[in-house]
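Quick notes on the structure that follows.
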Amino acid sequence: MSRALRLAIVRQRYSLHGGAERFVARAVQALSARHALDVTLLAREKPAGIDGAWRFEKIDPPYLGRVGRDRGFARAAQRRFADFDLVQSHERVPGAAIFRAGDGIHAAWLEQEARLQGAAAKTLRAFSPFHRYLLAAEKAMFQHPALRTVICNSKIVRDDIARRFGLPPERFELVYSGVDTAHFHPQVAALRAAERGALGIAAEAPVLAFVGSGFKRKGLAVALEAIASHRQAHLLVAGRDKHAGRYRRRASPRVHFLDVVEDMRRVYGAADAFILPTLYDPFPNACVEAMACGLPVFTSPLCGAADWITSGANGWIVDALDVEGYRRAIGGWLERRGEWPAMRAAARAAAEPHTLPAMAAQLEALYTRLLSTPRR
């Protein structure tokens, strides 16, 4: 190409700690090393710490309420799309050439959330202007003629979009979130003794790790109940929730609440396995990192990490609300302690191909392919 590719990234609130934003930052960093990129972030405000190589354009129209917020941002962003070679949106904004479905499908989330709600809450949700707006925007986005590719980070999301909106297979690009396999590595086990010593956990005690903010959706209540009957097992909880006090009160002394941890390798290094009975999670970065560190994963069918799991070999897949199922799976894992090294190796092997350079190469090929054909 004779000039740099003009790429716009659309995200209302860009946080360097968010899952989707980490995906963007990693991908652009790796791509820039091999390809000329002129990247502009379209967002409401410039995030602290963003790479200086990025341009920033403020899209922050005034609004009233959540519907006004999302609709106003979408309309203002749409007016800027024509100035870029490619627009990759991480929001439900019709008219972008690429949509990254990192947050999954709102309709699917509502279906899963309903499993935890009573009749009154379901009725209120059905008449919620915000949910109705998001469902309509989602449908309009997937039916918009400008949409050329949907980047999915799991087969679960890809297959769900195809089923709900009738998109053909060629519209999808399956790009798993890359992981720094040198940073997140089984060698984090060297931190085991120090981390366990600080928490008062015996060297040989079985330890599971739970990582995620938003404890209700991530399934912490199920994790707490599942380990309660396994009296030798400990649980590390890394993350933040406004209702954390409720979970602390129902937890045993073998549950260690760590709040937000800056270096997650400390948590993975102290643990023997990872548990996330999430209700709906397209592909949480914590699962990628845990598996790269050699931790077998206990999770649900609607977690994207299920794509990488072979039950009994490098993890277990159990319905998000099946407490007894998780209890049995953990019990089976504890009984097979002699096989733990093989399970750890299998977990690492599943994550190992999904490096940052591999993800960048896949994205570069996608962008090149889209640029080689005229825009609609």
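Okay, here's what the table says:
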{"quantity": "Test: residue in the range 171-185 that is touching a Leu at 6+ places or on another chain (Cβ under 9 Å), within 30 Å of G245 (Cβ to Cβ), open to solvent by 40 Å² or more (accessible area, probe 1.4 Å) and not acidic (D, E)", "calculated": "no"}
{"quantity": "Any chance A189 is touching a residue at least 60 places away in the same chain (Cβ under 8 Å) and touching a Pro at 6+ places or on another chain (Cβ under 7 Å)", "calculated": "no"}
{"quantity": "Residue list for the range 243-270, filter: modelled with pLDDT of 95 or more and either in contact with a Ser or Thr (Cβ under 8 Å, 6 or more places away or on another chain) or part of a strand (DSSP E or B) (or both)", "calculated": "V255, H256, F257, L258"}
{"quantity": "Residues of the range 79-105 classified as buried (at least 21 other Cβ atoms within 10 Å of the Cβ), under 15 Å from the mean Cα position of the chain (by Cα), part of a loop (DSSP other than H, G, I, E, B) and not aliphatic (A, V, I, L, M), total", "calculated": "4"}
{"quantity": "Of all residues in the range 297-339 being in contact with a strand residue (DSSP E or B) (Cβ under 6 Å, 6 or more places away or on another chain) and of a type in the set (V, I, T), the one that is surrounded by the fewest Cβ atoms within 10 Å (Cβ to Cβ)", "calculated": "I317"}
{"quantity": "Index of the failed condition, F73 passing every other in (1) crowded, with 20+ Cβ neighbours inside 10 Å; (2) under 21 Å from the mean Cα position of the chain (by Cα)", "calculated": "(2)"}
{"quantity": "Where A273 falls short, out of the listed (1) in contact with a strand residue (DSSP E or B) (Cβ under 6 Å, 6 or more places away or on another chain); (2) more than 23 Å from E204 (Cα to Cα); (3) modelled with pLDDT of 95 or more", "calculated": "(2)"}
{"quantity": "Any hit, the range 185-204, residues being acidic (D, E), more than 30 Å from A97 (Cβ to Cβ), outside any loop (DSSP other than H, G, I, E, B) and more than 23 Å from the chain's Cα centre (by Cα)", "calculated": "yes"}
{"quantity": "Residue within the range 13-26 that is at pLDDT 80 or above and within 25 Å of D281 (Cβ to Cβ) present", "calculated": "yes"}
{"quantity": "Out of V207, V255, V211, V237, sole residue that is touching a Cys at 6+ places or on another chain (Cβ under 9 Å), surrounded by 13 or more Cβ atoms within 10 Å (Cβ to Cβ) and under 30 Å from G338 (Cα atoms)", "calculated": "V211"}
{"quantity": "Matching entry among R163, R192 (being surrounded by fewer than 22 Cβ atoms within 10 Å (Cβ to Cβ), of a type in the set (K, R) and farther than 26 Å from G304 by Cβ)", "calculated": "R192"}
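The values are calculated or read from the model by the stated rules, or taken from the named source; none is laboratory data. Keep in mind the model is a prediction, meaning the values are calculated, not measured. Glycine gets a Cβ as well: all are built from the backbone with ideal geometry, and neighbour counts include every protein chain shown. Accessible surface areas use protein heavy atoms only, side chains included; no ligands, DNA or RNA. Shrake-Rupley method; radii C 1.70, N 1.55, O 1.52, S 1.80 Å.
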